[in-house]
């Protein structure tokens, strides 16, 4: 680099102590822009084109999903007051970790979540993060396609007035998954930058808002009301029951892997601008959760289904359209998750082949296209033909707790420790502990469901809490 642009970033060596000598306080002041200008991380003002509006939709697309429909069930287990307090607590935690990640992007000029982790926590942690991202994203995409097939199958039954026993081949999920994947998902998975998904995310968010509106309209028009106390947990509720909803509520705010590349590509990025994006996205998401949670619980009480759509009459045209909306929302989320997983895969292969005779150079166009194509074909094939994958997917999905809380906690801890800021070391340790606790709770819940034979036929929070069978 030469000229004025060359002075914008400070080139760093592998010794992280030199980085720490330049660091401001991560949590209380704005970070300076420091970059490792390597082939793996090429940053320039010209590569930043994401708008604030597009960023809001992309973040909401990542955080909102069909999981909003499980909130009435969660509210029925803990009561409205407890649910509201948990949501406020998790909202504060999620917002804090978003800002920590954004400040660390400014500090390291990282373009992806795993790259940021590697620059702060080291090479070994980088590899674990890349592997975990690949497993999480590929498993997520498989689950999305399975859910798409099941949602469309129910819609097809309604339209053709058939059942599982009498339907034609075109109502079978084995036919619907590949068709929907090719027609809806395949055309939108080729974008090079995450900011390009802003238009796609608009349709996903609009679909979820339709679901919220549909449940609210049902609440206004129905005369049915629950006789149970809405505000407090049932009399026989124990602390473990309250904790059991923590994983699902936590991952109602899970979008941290998207947050890093989104902020990295934001035009004229600044912490204040990103705080607006995060604030608006989180406010609208929380409002949606509260509206659906309260209205669904108020109508059906403790008998509400884990998927509120299933509680409504099967012949409801509003909820049939709702299933189409779920399908569209998931189809528009798939490409963003693929983008995160593909960049992790590219980074992992680059690191593994770095010292070989034929290393993979970053931003290799052939690798990008081929990896996307292979990823799409494999996930579609597994979703179409595989059975008995629920336990594996749920276990892999538990990894997301690490990305939401544990890794950001590690970042806070490492940076604060090198600054001898022990108050922030404690804060980071708390986030690490929260991530581990949520991870173990979800893992324990998955094992417990497996031992009981999946009584609710549900995957974990990670698959948007939609029935897959």
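The values are calculated or read from the model by the stated rules, or taken from the named source; none is laboratory data. From a predicted model like this one, the values you see are computed outputs, not experimental measurements. For neighbour counting, all protein chains shown are included, and Cβ atoms are generated from backbone atoms with ideal geometry for every residue, glycine included.
Values as computed for the structure displayed
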{"item": "Test set (1) assigned to a helix (DSSP H, G or I); (2) more than 30 Å from residue 298 (Cα to Cα); (3) at pLDDT below 85; (4) touching a helix residue (DSSP H, G or I) at 6+ places or on another chain (Cβ under 7 Å) - residue 196 fails condition number", "result": "(4)"}
{"item": "Matching residues, the range 107-125, being in contact with a helix residue (DSSP H, G or I) (Cβ under 7 Å, 6 or more places away or on another chain) and part of a helix (DSSP H, G or I)", "result": "108, 113, 114, 115, 116, 117, 118, 119, 120, 121, 125"}
{"item": "Condition met for residue 145 (modelled with pLDDT of 85 or more, assigned to a helix (DSSP H, G or I) and within 21 Å of the chain's Cα centre (by Cα))", "result": "yes"}
{"item": "Helices (runs of 4 or more DSSP H) within the range 369-463 that include 2 or more residues at pLDDT 85 or above and within 18 Å of residue 103 (Cα to Cα)", "result": "407-418, 422-451"}
{"item": "Filter pass, residue 104 being part of a helix (DSSP H, G or I) and within 29 Å of residue 192 (Cα to Cα)", "result": "yes"}
{"item": "Where a residue in the range 298-313 is closer than 17 Å to residue 326 by Cβ and its partner, wherever it lies, is surrounded by fewer than 17 Cβ atoms within 10 Å (Cβ to Cβ), with Cβ under 8 Å and at least six apart", "result": "306/456; 311/303"}
{"item": "Residue 177 over 27 Å from residue 303 (Cβ atoms) and modelled with pLDDT of 85 or more", "result": "yes"}
{"item": "Top-ranked residue of the range 126-135 - restricted to ones that are surrounded by fewer than 24 Cβ atoms within 10 Å (Cβ to Cβ) and in contact with a helix residue (DSSP H, G or I) (Cβ under 6 Å, 6 or more places away or on another chain), ranked as modelled with the highest pLDDT", "result": "134"}
{"item": "Residues located in the range 201-227, provided they are free of Cβ contacts under 8 Å to residues at least 40 places away in the same chain and surrounded by 24 or more Cβ atoms within 10 Å (Cβ to Cβ)", "result": "none"}
{"item": "Some residue of the range 348-368 being loosely packed, with under 13 Cβ neighbours inside 10 Å and outside any loop (DSSP other than H, G, I, E, B)", "result": "yes"}
{"item": "Residue count, the range 156-167 (criterion: under 22 Å from residue 386 (Cα atoms) and at pLDDT below 85)", "result": "3"}
{"item": "Residue 321 vs. criteria under 27 Å from the mean Cα position of the chain (by Cα), within 18 Å of residue 252 (Cα to Cα) and part of a helix (DSSP H, G or I)", "result": "no"}
{"item": "Qualifying residue in the range 173-193 (condition: at positive phi, free of Cβ contacts under 8 Å to residues at least 40 places away in the same chain and surrounded by fewer than 18 Cβ atoms within 10 Å (Cβ to Cβ))", "result": "no"}
{"item": "Test for residue 338: is it in contact with a helix residue (DSSP H, G or I) (Cβ under 7 Å, 6 or more places away or on another chain) and over 25 Å from residue 215 (Cβ atoms)", "result": "yes"}
{"item": "Scope the range 289-303; condition farther than 15 Å from residue 216 by Cα and crowded, with 24+ Cβ neighbours inside 10 Å; matching residues", "result": "none"}
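Yes or no, residue by residue, for (1) more than 24 Å from residue 147 (Cα to Cα); (2) part of a helix (DSSP H, G or I); (3) at pLDDT 90 or above:
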{"residue": "268", "(1), (2), (3)": "yes, no, no"}
{"residue": "275", "(1), (2), (3)": "yes, yes, yes"}
{"residue": "278", "(1), (2), (3)": "yes, yes, yes"}
{"residue": "281", "(1), (2), (3)": "yes, yes, yes"}
{"residue": "284", "(1), (2), (3)": "yes, yes, yes"}
{"residue": "289", "(1), (2), (3)": "no, yes, yes"}
{"residue": "298", "(1), (2), (3)": "yes, yes, no"}
{"residue": "305", "(1), (2), (3)": "no, no, no"}
{"residue": "309", "(1), (2), (3)": "no, yes, no"}
